[in-house]
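The values are calculated or read from the model by the stated rules, or taken from the named source; none is laboratory data. Every value quoted in this text rests on a predicted model; they were computed, and no experiment measured them. Cβ coordinates were reconstructed from backbone atoms using ideal geometry, including for glycine residues, and neighbour counts include every protein chain displayed.
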């Protein structure tokens with residue numbers, strides 16, 4: 001048996017909060033990945049979900065690299081400030097309507113997540129398809145390390161994600 005890392009502990013908390021919502025029918029989990037890159041000694045975890053009867057998908061992604069792991073496992077290096085993981089949220093919307101009010105979408109995200117988060121919007125489509133559908137990808141980056149002492153914030157974050165999903169669902 002091994003001592004779980006901060007990454008493992010935070011992953012379990014996020015999974016627990018989301019699967020609790022899935023069990024009571026608040027969300028539908030659509031995908032889950034837990035990846036280890038042995039060449040780079042990095043980890044990536046993501047889970048995707050949506051509201052019932054909605055096409056807007058949210059994904060929570062946590063990543064941790066060798067520096068983050070070493071900072072936690074080797075306290076003699078005195079680099080505890082690098083122990084933790086990176087967090088990113090993504091909202092994915094597929095639709096046929098080519099008219100999007102990008103500023104309205106930006107305002108939704110800013111109202112929920114605040115101005116300290118990096119919010120990006122990307123639109124992808126295949127221009128040669130007869131029936132044009134597009135994928136609207138919205139990323140919310142925290143641009144800082146999330147540490148184990150912030151684990152309670154991860155549970156609270158699910159409420160903000162739910163609010164975002166509901167508001168985006170109304171927009172699309």
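Which of the residues spanning region 20-41 are in contact with a helix residue (DSSP H, G or I) (Cβ under 6 Å, 6 or more places away or on another chain) and assigned to a strand (DSSP E or B)?
Listed by number, the list holds a single entry, 29.
Being within 20 Å of residue 150 (Cβ to Cβ) and at pLDDT 90 or above narrows it down to one of 61, 26, 72, so name that one.
Step by step, each of 61, 26, 72 is checked, and only 61 is within 20 Å of residue 150 (Cβ to Cβ) and at pLDDT 90 or above.
Here is a list of conditions, (1) touching a strand residue (DSSP E or B) at 6+ places or on another chain (Cβ under 7 Å); (2) more than 30 Å from residue 71 (Cα to Cα); (3) surrounded by 12 or more Cβ atoms within 10 Å (Cβ to Cβ), and residue 108 meets all of them except one; can you say which number that is?
The number of the failed condition is (1).
One line per residue, one yes/no per condition, for (1) under 22 Å from residue 13 (Cβ atoms); (2) at pLDDT 95 or above:
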{"site": "102", "(1), (2)": "no, no"}
{"site": "109", "(1), (2)": "no, yes"}
{"site": "125", "(1), (2)": "no, no"}
{"site": "142", "(1), (2)": "yes, no"}
{"site": "148", "(1), (2)": "yes, no"}
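From (1) over 17 Å from the mean Cα position of the chain (by Cα); (2) surrounded by 12 or more Cβ atoms within 10 Å (Cβ to Cβ), pick out the condition that doesn't hold for residue 88.
Result: residue 88 passes all but (1).
In contact with a helix residue (DSSP H, G or I) (Cβ under 8 Å, 6 or more places away or on another chain), surrounded by 12 or more Cβ atoms within 10 Å (Cβ to Cβ) and closer than 28 Å to residue 149 by Cα - does that describe any residue in region 95-105?
So far as region 95-105 goes, no, none of its residues is in contact with a helix residue (DSSP H, G or I) (Cβ under 8 Å, 6 or more places away or on another chain), surrounded by 12 or more Cβ atoms within 10 Å (Cβ to Cβ) and closer than 28 Å to residue 149 by Cα.
Does region 148-171 contain any residue that is under 17 Å from the mean Cα position of the chain (by Cα) and assigned to a strand (DSSP E or B)?
no
Only one of 61, 94 is touching a strand residue (DSSP E or B) at 6+ places or on another chain (Cβ under 8 Å) and either touching a residue at least 60 places away in the same chain (Cβ under 8 Å) or under 14 Å from residue 168 (Cβ atoms) (or both); which?
After ruling out the rest, the residue left standing is 94.
Can you name the residue in region 49-58 that is in a strand (DSSP E or B) and touching a residue at least 40 places away in the same chain (Cβ under 8 Å) and is also nearest to residue 14 (Cα to Cα) among such residues? Even if it seems obvious, please write down each step before you answer.
Our first condition is that a residue be in a strand (DSSP E or B); within region 49-58, this holds for 49-50, 57-58.
Narrowing the set further to residues that are touching a residue at least 40 places away in the same chain (Cβ under 8 Å) leaves 50, 58.
Numbers: 50: 15, 58: 13 Å.
Within region 49-58, the match that is nearest to residue 14 (Cα to Cα) is 58.
Which numbered condition in (1) touching a residue at least 24 places away in the same chain (Cβ under 8 Å); (2) part of a strand (DSSP E or B) is the only one that residue 44 fails?
(1)
Which numbered condition in (1) farther than 26 Å from residue 159 by Cβ; (2) surrounded by 14 or more Cβ atoms within 10 Å (Cβ to Cβ) is the only one that residue 66 fails?
(2)
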